[in-house]
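Novice: Before I ask anything, let me first share the structure, which is written out below as structure tokens.
The values are calculated or read from the model by the stated rules, or taken from the named source; none is laboratory data. Since this is a predicted model, take the numbers as computed values, not measurements. Note that each Cβ is placed from the backbone with ideal geometry, even for glycine, and that neighbours are counted across all protein chains shown.
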Amino acid sequence: MIRLELGEIARLAPGRLDAAGDVAAVDGVSIDSRTVEPGDLFVAVGRGAEFVDEARARGAAATLVPDDAFAAFAALGRAVRDRSSARVVAITGSVGKTTTKDILGALCAAHVPTVVAEGSRNNEIGLPLTLCRIERETEIVVVEMGMRGIGQIAELCAIARPQIGVVTSVGPVHLELLGTVERVAQTKAEVVTTLPPGGTAVVPADEPLLVPYLRDDVRTIGFGPGGEVRLVSFEATADGAQLTVDVEEERVELEFAFGARHAAANALAALGAYWALGLPLERAYVGARAARLSPWRGEEAPLPGDGLLINDAYNANPISMAAALEHLVDRAGPRRRVAVLGDMAELGPDAPAYHREVGTAAERAGVSVLVAVGELARGYLAGAPAIGETRWAANAESGLAALREVLEPGDCVLVKGSRSVGLEAVAEALAVVAA
């Protein structure tokens, strides 16, 4: 991290700031006492105040118990960002933002010093933590932005000041908060409307809901059908996928270590941002080979009898559920198709209808066994009356028990649901048994 003086930290982030000895500056920021390194500033968030002594024992240069954690992190992240000439790419969207972030980070890191958000650090604390990893030599910063309401992405943009904004998709997410998909588009578009003149917006070419927010003083790069960045072909391989992409008139061949067809759209969005950064298209293949996705996003593991587990348990909404079911079809081959599907959260009053639609999609996908987990997940069963073997479970623990009743050697199992359901525990239990 670009060094921050303790005197400045005291001005920016009021609270209890204690230094170790005669330390005058810090070289990093951490909120986890277990990962503190010498020279770091440990910032206590929530119950973090209970671990201040542990952070000091691990070599923290200073500890801060802020009066307002969100305000403190915003100030620290902004201070580091202001000292850097790095170009910032901000990524948001209803689905695929973390995958797009992972791909773009790998593409860029192959050529220039790059800082990439870890996991899904995309909120008022996660984004500043990413900015606090910027070094003097950093040239590109790739951040992810989530939201819980109108104005939140704009607030994050005010901290990160991106020159390139990416919207991966617009769909029915956070409807309990926003009410309509149109308002979802309005909120996601804040990553475009806050760009400086001369910036670049990378957006789906076929998304009319974003058109009102595009600007004449900001370059627009469309990806997907009809856009400047277009998929020519997708071919699954034994260990991933090979994509052929046209970027305007230039053809690019890319190989990835993951094979989900729906990830191709994320690769197009990432390539659009990579192009906007002026990095060499003819060398994009170098970073593509190194790209790895964050945990629980289509992770695969063997199951007994040549079976296969697809752990896509990080989160779920109607768009990502449909894509995951399509991927189940692609990967299952002759195997029996088993889907363990948890509630999709934050869908508002139309949640039951969305769950029935996903159940119907599972039936169309040829799912033989459907285990529905959570109260809303009853809708999956209602939408899939022709699936022969079904189970309902109230929670992940009972869902695992229900799955074990019907699982057979050689099955291909998809596990997916919203984070609140915790279906990663089901996937991890299956993987442990298989190992």
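Novice: Of all the helices (runs of 4 or more DSSP H) wholly in the range 294-407, which have at least 2 residues that are more than 20 Å from ALA431 (Cα to Cα) and of a type in the set (A, V, I, L, M)?
Specialist: By residue number, 318-332, 351-364, 378-382.
Novice: Any idea which residue in the range 47-64 is nearest to LEU156 (Cα to Cα), counting only those that are buried (at least 18 other Cβ atoms within 10 Å of the Cβ) and among the aliphatic types (A, V, I, L, M)?
Specialist: LEU64
So that you can scan it fast, the table gives a plain yes or no per residue for (1) within 17 Å of the chain's Cα centre (by Cα); (2) within 29 Å of VAL432 (Cα to Cα); (3) modelled with pLDDT of 95 or more:
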| position | (1), (2), (3) |
| --- | --- |
| LEU268 | yes, no, yes |
| LEU271 | yes, no, yes |
| TYR274 | no, no, yes |
| LEU277 | no, no, yes |
| ALA284 | no, no, yes |
| ALA288 | no, no, yes |
| LEU293 | yes, yes, no |
| ARG297 | yes, yes, no |
| ASN311 | yes, yes, yes |
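Novice: Within the range 1-55, considering only strands (runs of 3 or more DSSP E) that don't extend past its boundaries, which have at least 2 residues that are among the hydroxyl-bearing types (Ser, Thr, Tyr)?
Specialist: Where strands (runs of 3 or more DSSP E) fall fully within the range 1-55, none carries at least 2 residues being among the hydroxyl-bearing types (Ser, Thr, Tyr).
Novice: VAL252 fails exactly one of the following numbered conditions: (1) free of Cβ contacts under 8 Å to residues at least 24 places away in the same chain; (2) surrounded by 14 or more Cβ atoms within 10 Å (Cβ to Cβ); (3) of a type in the set (Val, Ile, Thr). What is the number of that condition?
Specialist: Status for VAL252: all satisfied but (1).
Novice: Look through ALA25, ALA71, ALA20 and report the one residue that is at pLDDT below 95, surrounded by fewer than 19 Cβ atoms within 10 Å (Cβ to Cβ) and out of contact with any Gly (no Cβ under 7 Å at 6 or more places or on another chain).
Specialist: ALA20
Novice: For ALA393, indicate whether it is touching a strand residue (DSSP E or B) at 6+ places or on another chain (Cβ under 9 Å), at pLDDT 95 or above and over 30 Å from GLY149 (Cα atoms).
Specialist: yes
Novice: Quick one: LEU303 ticks every box in (1) among the hydrophobic types (A, V, I, L, M, F, W, C); (2) within 19 Å of SER120 (Cα to Cα); (3) more than 16 Å from the chain's Cα centre (by Cα) bar one, so which box is it?
Specialist: Only one criterion is unmet by LEU303, namely (2).
Novice: Same structure again: I'd like to check something: does the range 383-391 contain any residue that is within 24 Å of GLU299 (Cβ to Cβ) and hydrophobic (A, V, I, L, M, F, W, C)?
Specialist: no
Novice: While we're here: Considering only the range 71-103, state which residues are within 24 Å of VAL173 (Cα to Cα) and not hydroxyl-bearing (Ser, Thr, Tyr).
Specialist: VAL89, ALA90, ILE91, GLY93, VAL95, GLY96, LYS97, LYS101, ASP102, ILE103
Novice: For the range 408-435, give me the residue count where each residue is farther than 21 Å from ASP330 by Cβ, within 22 Å of the chain's Cα centre (by Cα) and part of a helix (DSSP H, G or I).
Specialist: 7
Novice: Please go through the range 82-114 and pick out each residue that is polar (S, T, N, Q) and out of contact with any helix residue (DSSP H, G or I) (no Cβ under 8 Å at 6 or more places or on another chain).
Specialist: SER84, SER85, THR98
Novice: Filter the range 321-340 down to the residues that are out of contact with any Phe, Trp or Tyr (no Cβ under 9 Å at 6 or more places or on another chain) and of a type in the set (Gly, Ala, Ser), then identify the one that is surrounded by the most Cβ atoms within 10 Å (Cβ to Cβ).
Specialist: ALA324
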